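Engineer: Structure in structure tokens, see below.
What follows is calculated from the coordinates using simple rules that are stated; it is not laboratory data. In this text the structure is predicted, and so the values were computed from the model without any measurement. Positions of Cβ are backbone-derived with ideal geometry, glycine not excepted, and every protein chain shown enters the neighbour counts.
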Amino acid sequence: MNLTGSRTINADIATVWDGLLDPEVLKECVPGCTEMTGSSKDGFEAVVTQKVGPVKATFKGAVQLSDQVEHQSLTITGEGKGGPAGFAKGGADVRLTAQGDTTVLEYDVEAKVGGKLAQLGSRIIDGFAKKMADQFFANFQEAVEPPGEDDEADTEETKKKGWFSKLRRA
């Protein structure tokens, strides 16, 4: 399954780059992630629980960042094993382009599954992979963008918006 997309993020390129390398940002952005340890240099260990169709599994795996060109591009690759449910692996090539005060983040994602998950059929798997990628990049955008004027109220819904951006400014 291949997926291509882009997002215009209302944050400077340095903030977006730093967010891509931060394990706390990644943990908050990966849907179903309960643990993320490690570093951008040595790689991350992650635990992710997801339900795909009728199959619910907890995947334990590794995530590596490679081909890093600071403030320009990197490749994220990961592989996880979900016991009897099977395995999932994939990667994303991410490119950043500054446009004034914003950053355009473009991505190409490739995902593969095996085991029980592969038996669900390509339509379910492709839809799930697209949903996961879209949700990750939407969560990432929300984490690194500074809160807007309308978001300043300290409600439950807006407390998390721009949390990484706020840390960088502190």
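Engineer: State whether region 1-50 is rounded, prolate or oblate according to the following rule on the C-alpha gyration tensor (a ≥ b ≥ c being the square roots of its eigenvalues): a/c under 1.5 gives rounded; otherwise a/b larger than b/c gives prolate, and the remaining case gives oblate.
Structural biologist: oblate
Engineer: Which length gain, in nm to one decimal place, applies between I124 and K60 when the Cα-Cα distance is subtracted from 0.36 nm times their residue separation?
Structural biologist: Stretched out fully, the I124 to K60 stretch lengthens by 20.9 nm.
Engineer: Let me ask you something else. Under 12 Å from the Cβ of T103, count the other residues' Cβ atoms, weight Lys and Arg +1, Asp and Glu -1, and hand me the total.
Structural biologist: That works out to -3.
Engineer: Along the charge dipole of the chain, which of G90, P146, H71 sits closest to the positive end, that is, farthest toward it, with unit charges on the beta carbon of Lys, Arg, Asp and Glu (+1, +1, -1, -1)?
Structural biologist: In the chain, that residue is G90.
Engineer: As a check on your grasp of the helix formula, calculate [θ] at 222 nm for the chain: sum -39500 (n - 2.57) over DSSP H runs of n ≥ 4, divide by the residue count, round to the nearest 500.
Structural biologist: Per the formula, -8500 deg cm²/dmol.
Engineer: With a ≥ b ≥ c taken as the square roots of the eigenvalues of the C-alpha gyration tensor of region 6-144, please select rounded if a/c is under 1.5 and otherwise prolate if a/b is larger than b/c or oblate if it is not?
Structural biologist: In terms of gyration-tensor shape, prolate.
Engineer: Using only Cα atoms, find the angle between the long axis of helix 122-144 and the longest principal axis of the chain, and express it within 0 to 90 degrees, rounded to the nearest 10.
Structural biologist: 20 degrees
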